[in-house]
Structures are given as structure tokens and as C-alpha cells.
Amino acid sequence: YIDGNLWINSVSNTFGYNMSGKATIVVTGNIYICDNLKYANTTTDVLGLVALGKYNSSGQRVSGGDIIFGDPSYGTMYICSAMMFAANNFLFNTRALGTYSGEPESGFILNGSMTAMNKISIERDWYTRSGTERRPARYDPSTSQWYDSGTGVALTTAQIATMKHYRMVLNYDDRVRSRSTQPKGLPRGIGLIYSGITDWKELP
């Protein structure tokens, strides 16, 4: 239990850690995963990361609760193994070390699961708006059009030609579904975690 933030940020040239054992880390602030975090043994090792945040006397969240995934300043986070829960937002490459998003240098692999009470925002499509200014974009299948993620302005053909798409691989860890194998202390509803799901959709 950490009263504050958790930073996973290696100072060595390995740019990451091998995690061995079983643990759950709960923080009252945010969780920043800037470098690699990998299970030493994919069969026996398990890690739960919970960004719980801080709450007032009425039970309303007042701060924290975000998981910030990826380091746009240095781009050394390629793989993460964990089952993660954010009481607020799960953000990939979004204001990790500053105010604005930064373009990633590569894609990433997640071995585990990610859950957020508010939203999951993953900015992995980037284009050049003008000059050298790079900005995230989003695709709307209902209009078959790319848009600027921040302004909502439709991209021109020339701007679309400058786009880069950063690969995201999610290897779902089914151990999160069972009370006997999921990390201890991970938030859950009645019975199994995810027991309240009524609909499941595959996102492109």
C-alpha cells in the first residue's frame, strides 16, 4: 500500500524489471509505468496494480486513480505484465511526464488486463498537422474518416498520408477471472471479477 504515486522507471540500461512472485500494489495517487515490467515466470508470477485514488467523506474521488502507461519522453516501455485497475482513467502515452501527449517511439505488449472506472484512452495513431507538429488522430467507422483527437477536425488526404500507427498487442491473462488465481486485493464485484458484464465487444 502506497500513500502517493507509484513510478516504474528503471535507471539502468535494461530499461525495465523482471518481477518474480505474487503481489498487489494499491496506491492513493497514480501509477506511472515508464519502463518494462515482465514476469520472470509467466505461469507462477502475478502482479496486481490498483490506482485507487483519494476520496472525501462522501466517498467521492477527489484525486488520483489514473494509470499512465508509456513514456513519451524516452520511449523505453515496450512490454508490461500485470492485471491493472484504475479508479479513474487508464491512459496510454497521455501526459505521462508533462501536460500534453507525446508520440510513442514504438508499439507495446500488455500481458494481463486493464480496467478503468471512467475511460481507457490509447493514442497510437499520429499524423503531422503542419510543419513538424505531430498530433494524435482517431478513426470514425461511421463516416470512414480520420479526425484530430483533440479538435475533432477531419484530416486532409495529405495529413492522412503522414500517419503512423503504433502496434498494440493485448495478451489477456485469464487468471484474473478466478478468485483462486487473480491477485489478492484486486477490486471485484459480487463473486468473480467482471461478473457484472452484460455485453462484450471486440474493438478494432
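The values are calculated or read from the model by the stated rules, or taken from the named source; none is laboratory data. Everything quoted here is computed from the prediction, not taken from an experiment. Positions of Cβ are backbone-derived with ideal geometry, glycine not excepted, and every protein chain shown enters the neighbour counts. Ligands, DNA and RNA are excluded from the accessible area calculation, which covers all protein heavy atoms including side chains. Shrake-Rupley method; radii C 1.70, N 1.55, O 1.52, S 1.80 Å.
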Check cross-link reach from K164 to the aspartates and glutamates: straight Cα distance under 20 Å, and skip same-chain residues fewer than eight apart.
D71, E103, E105, E123, D125, E133, D140, D148
Whole-Å semi-axes of the stretch 1-160's equivalent ellipsoid (Cα gyration tensor)
30, 20, 14
Using a Förster distance of 22 Å, how high is the FRET efficiency between R175 and A40, based on the Cβ-Cβ distance and rounded to 0.05?
0.90
Using Cα-Cα distances under 8 Å and only pairs 6 or more residues apart, what relative contact order does the stretch 1-144 have, in percent?
18 percent
Leaving ligands, DNA and RNA out of it, rank V169, V11, V62, V176 by accessible area with a 1.4 Å probe, largest first.
V11, V62, V169, V176
Working with all protein chains in place, sort W7, W146 by solvent-accessible area computed with a 1.4 Å probe, largest first.
W7, W146
Two-decimal ratio, the stretch 115-173, of alpha-carbon radius of gyration to 2.2 N^0.38 Å
1.27
Could you give the Stokes-Einstein D for the stretch 1-46 in µm² per second, using the C-alpha Kirkwood radius, 10 °C, 1.306 mPa s?
137 µm²/s
Round to the nearest 0.05 the FRET efficiency obtained for I79 and D3 when R0 = 25 Å and r is the Cβ-Cβ distance.
0.30
